[in-house]
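Worksheet for the structure shown next.
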């Protein structure tokens, strides 16, 4: 595919089907094409002794069936979008990372076929979310929700501008309100911090100054997106805990990464990881879209 597209990974499981539906709706909102991909690792023991390629053919046919099913699911929720489907032979995470450089957005389910059903986040989704050079959405929790606000976590990292840009854009596209969450710990005397947790200490002057600073950060984006209602939430609690709580009423949570150096997408902070494991709605990991030559 030469045009930019949303890429969604599927393996036929329930979390993957939810990811396909979410990705199809997002492609429809953005006017983008959708590429449905199933990456499978062919390691059938019997196939090593199959000189007629029978097992290879069966594996390929099963893979094709998975992508056909994904196409049908996408058509149900977004019949007008352009859809392409691909099967890729190889380890799922490696194959998805290879094609991620040409994605406008990569969409994943929270768990796949491998591992244990009790896991909150599958290894493939975690690896791709961590290392992909493009924005990633992990569909989890209340994946079918289409109303409620968009929530965004904002910190003092260099990624804050990219995160806010993404959050305002997706909120505007959905006609949704935006909840901007910022967590900070006020400076308190050492003698007091040893006996009272910082989150329980009342610091009205520090809170007022921090809220003003937050409003200044948000102000240019309010001006750029005047139709997006914005609520700012300042808290002494952990950002992860507050965002997980907000996710129960939100349709999407937007967060950023702590990428360092020349290799993008190599580190996810603890807040992002906790959301990927515990959020009750899809989690959008904001990154700049790299324009890799095709």
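Residues of the stretch 223-234 that are surrounded by 15 or more Cβ atoms within 10 Å (Cβ to Cβ) and farther than 21 Å from residue 282 by Cα: 225, 234. For the subset of the stretch 148-165 comprising residues that are modelled with pLDDT of 90 or more and out of contact with any helix residue (DSSP H, G or I) (no Cβ under 9 Å at 6 or more places or on another chain), which member is farthest from residue 222 (Cα to Cα)? Filtering first and then ranking leaves 148. In the stretch 115-129, the residue that is surrounded by the fewest Cβ atoms within 10 Å (Cβ to Cβ) out of those that are modelled with pLDDT of 50 or more and over 18 Å from residue 282 (Cβ atoms) is 123.
Just one of the listed residues (64, 84, 43) is modelled with pLDDT of 95 or more and either surrounded by 13 or more Cβ atoms within 10 Å (Cβ to Cβ) or farther than 15 Å from residue 6 by Cβ (or both), namely 84. Checked against (1) closer than 29 Å to residue 224 by Cβ; (2) in a loop (DSSP other than H, G, I, E, B), residue 79 passes all but a single condition, namely (1).
The values are calculated or read from the model by the stated rules, or taken from the named source; none is laboratory data. The structure displayed is predicted, hence computed values, not measured ones. No Cβ is skipped: glycine too gets one built from the backbone with ideal geometry, and neighbour counts run over all protein chains shown.
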